[in-house]
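Notes for the one structure printed next.
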Amino acid sequence: SSGINAEYGQLHPNIEEAAKLHAAYPERYPDPNHKPEMAIALTVFEGLCGFRPVPEIMDNIRAHDELHGSLSPGVLAVVRGDRAVSDETTYIKELFTDLIVMKNSAGLINNKLAQMTQHAESDKLFLRIQAQHPGDAGLVCIYLLNHVVLQPGECMFLGANKPHAYFSGDCVECMACSDNVIRAGLTGKFIDVDSLIRLVECSSDTAEAQKLAPTPVNGGVVMQYLPSVKDFAVDMICVKDSYLLQGKVSPQIMLCTEGSGVVKTTHSAEEMRPGEVVFVIPGVSVTITGNVTLFSAYAQH
């Protein structure tokens, strides 16, 4: 996946909600499956993922009083410091609901920033993305969601109902077999704000907590990215000479991203260069030779 432009302020429903959405709106939600996904950076890769810690959100919203007129009284009281947050998840849901339905939020923020000579980091990010999606209501998510920057080899896992968007960079993306996407903005595609508000996961954590650390195998020749779902996992395999990869219960799809090499079985050999793919049937071990980086996707059992 190449994230040249910011795209999709979105989430993916869990399997129960996916079935309901598919039954009610099959033309918009084409299957009854969930769609967890994982992005592994090939270059420096930027995105939004999960809600920021509440103190960060408060700092951002307090700095933008042009948004305060659209906040409900209880939400605004917290922003002004007149009331404490009793339940962070509930408060984030209320604040998100107020802001995501505010049609002119992006214009108000842009007008304010145009009059300023110095900008906070979140404001700089807003200006970058609004150049691609001027006036989009989803831009306000920049102030609510973590700005996650992945270095090559780092990964973020996006579980059910986790709000996210991608901005820039290249990644290997793996996901469950589904096309169900609930979008809030940053797209020209169908937007379903009502479903997004109802389902969005409103727990908060740091940007670093959004990352999924891989497990090194055989001295780090293989880095295993094992998410909390059984639908898929990904191995990054960096071979400098020769390596025997044991067969798996699941089929494997192998993608070459760097270098060149050969993937051999007892019956065949396939040359691999960037962009080339091989399919490995269950139970078959392969010998990989050359100086090559491969990503292997498979189902967990």
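Descriptive notes on the structure:
- For segment 261-279, a residue qualifies if it is open to solvent by less than 90 Å² (accessible area, probe 1.4 Å), more than 17 Å from K248 (Cα to Cα) and of a type outside the set (A, V, I, L, M), and the qualifying residues are G261, S268, P274, G275, E276.
- Residue count for segment 231-254, restricted to those that are open to solvent by 70 Å² or more (accessible area, probe 1.4 Å) and closer than 15 Å to M175 by Cα: 1
- For the criterion of being assigned to a loop (DSSP other than H, G, I, E, B) and either exposed (fewer than 11 other Cβ atoms within 10 Å of the Cβ) or polar (S, T, N, Q) (or both), T117 passes.
- Residue check for G107: of a type in the set (G, A, S) and under 18 Å from C49 (Cβ atoms): no
Table: residues versus (1) within 19 Å of the chain's Cα centre (by Cα); (2) within 30 Å of P73 (Cβ to Cβ).
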residue: F96; (1), (2): yes, yes
residue: S105; (1), (2): no, yes
residue: L113; (1), (2): no, yes
residue: G135; (1), (2): no, yes
residue: G138; (1), (2): yes, yes
residue: V149; (1), (2): yes, no
residue: P152; (1), (2): yes, no
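- The test for being open to solvent by 10 Å² or more (accessible area, probe 1.4 Å), closer than 30 Å to E258 by Cα, among the charged types (D, E, K, R) and outside any strand (DSSP E or B) does not hold for D194.
- Where strands (runs of 3 or more DSSP E) fall entirely within segment 226-278, those with at least 3 residues that are over 21 Å from A39 (Cα atoms) are at 242-245, 252-264, 269-272.
- Residues (more than 13 Å from Q300 (Cβ to Cβ) and under 23 Å from the mean Cα position of the chain (by Cα)) located in segment 231-257: M236, I237, I253, M254, L255, C256, T257
- Among residues of segment 1-21 being open to solvent by 40 Å² or more (accessible area, probe 1.4 Å), over 25 Å from L226 (Cα atoms) and part of a loop (DSSP other than H, G, I, E, B), the one that is modelled with the lowest pLDDT is I4.
- Top-ranked residue of segment 279-301 - restricted to ones that are assigned to a strand (DSSP E or B) and β-branched (V, I, T), ranked as nearest to G220 (Cα to Cα): T293
- Scanning segment 197-216 for residues that are at pLDDT 95 or above and either assigned to a helix (DSSP H, G or I) or open to solvent by 70 Å² or more (accessible area, probe 1.4 Å) (or both) turns up D205, E208, A209, Q210, A213, P216.
- Only residues that are over 21 Å from the mean Cα position of the chain (by Cα) and in a helix (DSSP H, G or I) were counted in segment 22-72, giving 15.
- For segment 153-172, residues that are among the aromatic types (F, W, Y) and either open to solvent by less than 20 Å² (accessible area, probe 1.4 Å) or in a loop (DSSP other than H, G, I, E, B) (or both) total 2.
- Scanning segment 173-185 for residues that are assigned to a strand (DSSP E or B) and under 18 Å from S296 (Cβ atoms), we see that the one that is least open to solvent (accessible area, probe 1.4 Å) is C174.
- Test: residue in segment 80-95 that is open to solvent by 60 Å² or more (accessible area, probe 1.4 Å), free of Cβ contacts under 8 Å to residues at least 24 places away in the same chain and under 21 Å from A137 (Cα atoms): yes
- Failed condition for S228, given (1) small (G, A, S); (2) open to solvent by 60 Å² or more (accessible area, probe 1.4 Å); (3) without any contact (Cβ under 8 Å) to a residue 40 or more places away in the chain: (3)
The values are calculated or read from the model by the stated rules, or taken from the named source; none is laboratory data. What you see is a predicted model; the values in this text were computed from it and never measured. For neighbour counting, all protein chains shown are included, and Cβ atoms are generated from backbone atoms with ideal geometry for every residue, glycine included. Side chains included, ligands, DNA and RNA excluded: accessible areas come from the protein's heavy atoms. Shrake-Rupley method; radii C 1.70, N 1.55, O 1.52, S 1.80 Å.
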